[in-house]
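Student: My questions will all concern the structure given below.
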Amino acid sequence: MKVLILCGGKGKTLWPISRDNVPKQFSKTIFSQSLFQKTLELWREVVPSEDIFAIAPEEFRFFVKSQSIEVFRTSPVNYIPEKDSKGTLKAVAMGILFLTQREVSDSETVIVCNSDQVWRVTLEEFHKTVYHLIDNLPPGKVLCVASSRSKHLKDKIETEGVKGSAFRKFVKFSRASNLSNVGVYISYLGTFRRIIQETLVRSIESIIEEESFNNVAFEEVIAKSSENVLVYNWDIEVVDIDNISDVSILIDKDQNGNFFSGDVVIANARDVTAISTKRFVAIEGVSSLNVIETPDVVYVCSKNSDRSLLELIRDRNEVKYSTTEYRPWGSYTVIERGANYQIKRIVVNPGESLSLQLHYHRSEHWVVVKGTAKVTVEDKVIFLRENESTFIPKTAKHRLENPGKVPLEIIEIQIGEYISEDDIVRFLDIYGRSE
């Protein structure tokens, strides 16, 4: 069994929780685990990490690596590069081509799912139902999973009964139906490839390359190949996280219809959704508002807003970038920045290493707050533990490594006349970024 997870969206309707550099499926703004990690948790006891394939643009490959290691605690899941986010049809086609080129058997079961959903189901029920569907998968058919309890999902499916079967015939997508498409598809590798190619009268390679298939949903193949599609109604709730209203389904609610998450106090208010990620948020005497606090943005809007504000501020860095940046080795978060200084919290994953580098315009102070650091400064190597520190002068070649088994966390204080990220010269880098 192989699982293809689609991870390519930018989540623009969920700003400021979702940004270009940290889209909603990888964001940990609200939950301790990202939506991608919540998806991995569902599959973790069904298939090993080597049988899971995440499809995402190149800029997200290190999210796939680091966040899957956090879930599986060993090796990461596989990464399939996507040439930008060009719709779910191309993403699925890339997954099918990737498996085919690696000579996976046409009789191998393949499951396609999304990375931006929350499933309200126990792991025991999830595993039991998945195994049941795989054991009863009809040859030559694609099985589409649906739910009558997930009424807010956009795609509705009209079906016809099949006598003596738990599966139903797919008829069409119809807004009049109360059966929602969950976005999970199960079939055999050869069947997926055949149906996609016959339906679109193109090879898998052509579908991936041709611009005419940009931003086309995989559901168009399902709609055009209805005779090859069966539907299974799974009586569970699945929440697609597309906007703040979807998030509100998953967080606390008071008697006045207010939804809140984080350090929030609400008084004399109704129909307010409030999310705090860092600071105390106090709300009083208002109604029908969304209030979202992140380390660098406070966004307040009416529940009826058309979000036209985003067009006015589209060129601001806060729209594109969060205060946390992710790298192959881990991440850093900007805590504070001034005219000639910057303070960061740096997290280095176990066994990972920053490049051997130097800066011309800034010096750095490092203080270890968790884990063990291996520090190279010119020809000197030292090991630092919690509450120990060191100083990196300007122009000194230096490197930070985590030789331990737990994440390394340090506070870095940069001081200099120029503290931008492009003041860096790399000499040795295990990720191929040397200059």
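Student: Please specify each residue of the stretch 1-16 satisfying the condition of being open to solvent by less than 10 Å² (accessible area, probe 1.4 Å) and either out of contact with any Asp or Glu (no Cβ under 9 Å at 6 or more places or on another chain) or of a type in the set (D, E, K, R) (or both).
Tutor: Within the stretch 1-16, 4, 5 meet the criteria.
Student: Would you check which residues across the stretch 392-435 are among the basic types (Lys, Arg) and open to solvent by less than 50 Å² (accessible area, probe 1.4 Å) and list them?
Tutor: Residues satisfying the conditions are 399, 426.
Student: Further question: Looking at (1) open to solvent by less than 30 Å² (accessible area, probe 1.4 Å); (2) more than 25 Å from the chain's Cα centre (by Cα), which is the one condition that is false for residue 180?
Tutor: Result: residue 180 fails condition (2) only.
Student: Go through the stretch 323-346 and count every residue that is within 20 Å of residue 10 (Cα to Cα), in contact with a helix residue (DSSP H, G or I) (Cβ under 8 Å, 6 or more places away or on another chain) and not hydroxyl-bearing (Ser, Thr, Tyr).
Tutor: Of the residues in that region, 2 qualify.
Student: Name the residue that is most open to solvent (accessible area, probe 1.4 Å), counting only residues in the stretch 163-177 that are in contact with a strand residue (DSSP E or B) (Cβ under 6 Å, 6 or more places away or on another chain) and touching a residue at least 60 places away in the same chain (Cβ under 8 Å).
Tutor: Among those that are in contact with a strand residue (DSSP E or B) (Cβ under 6 Å, 6 or more places away or on another chain) and touching a residue at least 60 places away in the same chain (Cβ under 8 Å), it is 169.
Student: Under 9 Å between Cβ atoms, which residue pairs at least 6 apart in sequence (or on different chains) link something in the stretch 116-131 that is within 15 Å of residue 145 (Cα to Cα) with a partner that is part of a strand (DSSP E or B) and of a type in the set (Ser, Thr, Tyr)?
Tutor: Final answer for the pair search is 129/232.
Student: May I pose another question? If you scan the stretch 127-162, which residues turn out to be assigned to a loop (DSSP other than H, G, I, E, B), among the basic types (Lys, Arg) and open to solvent by less than 80 Å² (accessible area, probe 1.4 Å)?
Tutor: 141
Student: Here's something else I'd like to know. So, of the residues in the stretch 311-358 that are over 20 Å from the mean Cα position of the chain (by Cα) and hydroxyl-bearing (Ser, Thr, Tyr), which turns out to be nearest to residue 370 (Cα to Cα)?
Tutor: Here the answer is 353.
Student: Continuing with this model, one more query. Do we have residue 123 as closer than 30 Å to residue 169 by Cα, open to solvent by 10 Å² or more (accessible area, probe 1.4 Å), modelled with pLDDT under 95 and in contact with a helix residue (DSSP H, G or I) (Cβ under 9 Å, 6 or more places away or on another chain) here?
Tutor: Yes; evaluated as a whole, the condition is true for this residue.
Student: Now, a different point. So, of the residues in the stretch 304-322 that are assigned to a loop (DSSP other than H, G, I, E, B) and in contact with a helix residue (DSSP H, G or I) (Cβ under 8 Å, 6 or more places away or on another chain), which turns out to be surrounded by the fewest Cβ atoms within 10 Å (Cβ to Cβ)?
Tutor: 313
Student: Also, I was wondering about something else. Please list, ordered by residue number, the helices (runs of 4 or more DSSP H) wholly in the stretch 201-276 having 1 or more residues that are under 20 Å from residue 95 (Cα atoms) and of a type outside the set (Val, Ile, Thr).
Tutor: Per the criteria, 204-209, 219-224.
The values are calculated or read from the model by the stated rules, or taken from the named source; none is laboratory data. Quantities reported herein were computed from a predicted structural model and do not represent experimental measurements. Please note: Cβ atoms are built from the backbone with ideal geometry, for glycine as well, and neighbour counts cover all protein chains shown. In case anyone asks, the SASA skips ligands and DNA or RNA and just uses the protein heavy atoms, side chains included. Shrake-Rupley method; radii C 1.70, N 1.55, O 1.52, S 1.80 Å.
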